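Have a look at the structure below, then the notes.
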Amino acid sequence: MLPRLISEKCLLSCLRGFTVSTGAVVLLLAPALVSGAELYGVVSLPNGTPAAKKSIVLDDRPIGQTDASGVYRLALPPGQHTLAIEGTDVRVTVIVPPTGLRKDLQLK
C-alpha cells in the first residue's frame, strides 16, 4: 500500500482529462509517492551532553548536521550506508530498513 501523501481530490484534479486505468495511475505515480527511509538519532559527547552542530557524513559525503540538541534526521534510500561524524573517529555501518532506523552515537 502506498503512503497517502496527496488527497484523492487533488489526484483526481491533476489527472482530469487523462484516460488511464486505476492500475496504470498507481504504476505511474508510485515512484513519486514512495518516500525514502529516515535515519535519525542523537549524537552525544563522551560525558553524555548533546553534540550540537556536528557535521554528519553519509557514504563519504557531507549531508547535514546535528541541531542544538544533538539530534540529526536524514532522508535517504533504504539499504546499507556508512554514517560518520566529521572530525571524529566515529564511523559506523548501518542498514536502514524502509521503515527507518534510530541510531544514537556517542563521541569518544
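The values are calculated or read from the model by the stated rules, or taken from the named source; none is laboratory data. The structure displayed is predicted, hence computed values, not measured ones. Don't worry about glycine lacking a Cβ; one is built from the backbone with ideal geometry, like all the others, and counts go over all protein chains shown.
Hey, can you tell me all the residues within segment 79-102 that are in a loop (DSSP other than H, G, I, E, B) and surrounded by fewer than 16 Cβ atoms within 10 Å (Cβ to Cβ)?
From segment 79-102, those in a loop (DSSP other than H, G, I, E, B) are 86-90, 97-100; that's our starting set.
Listed by number, the residues that qualify are Glu86, Gly87, Thr88, Asp89, Pro97, Pro98, Thr99.
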Exercise for review: Search segment 43-89 for residues being under 15 Å from Lys108 (Cβ atoms) and acidic (Asp, Glu), and hand back the single one that is farthest from the chain's Cα centre (by Cα).
Suggested key: Asp89
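Matching residues to (1) closer than 17 Å to Arg102 by Cβ; (2) at pLDDT 50 or above; (3) surrounded by fewer than 13 Cβ atoms within 10 Å (Cβ to Cβ):
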{"position": "Leu12", "(1), (2), (3)": "no, no, yes"}
{"position": "Thr22", "(1), (2), (3)": "no, no, yes"}
{"position": "Leu33", "(1), (2), (3)": "no, no, no"}
{"position": "Ser44", "(1), (2), (3)": "yes, yes, no"}
{"position": "Thr49", "(1), (2), (3)": "no, yes, yes"}
{"position": "Asp60", "(1), (2), (3)": "no, yes, yes"}
{"position": "Leu74", "(1), (2), (3)": "yes, yes, no"}
Point to revise | Sole exception among (1) modelled with pLDDT under 95; (2) in contact with a strand residue (DSSP E or B) (Cβ under 9 Å, 6 or more places away or on another chain) for Asp89, by number | key: (2)
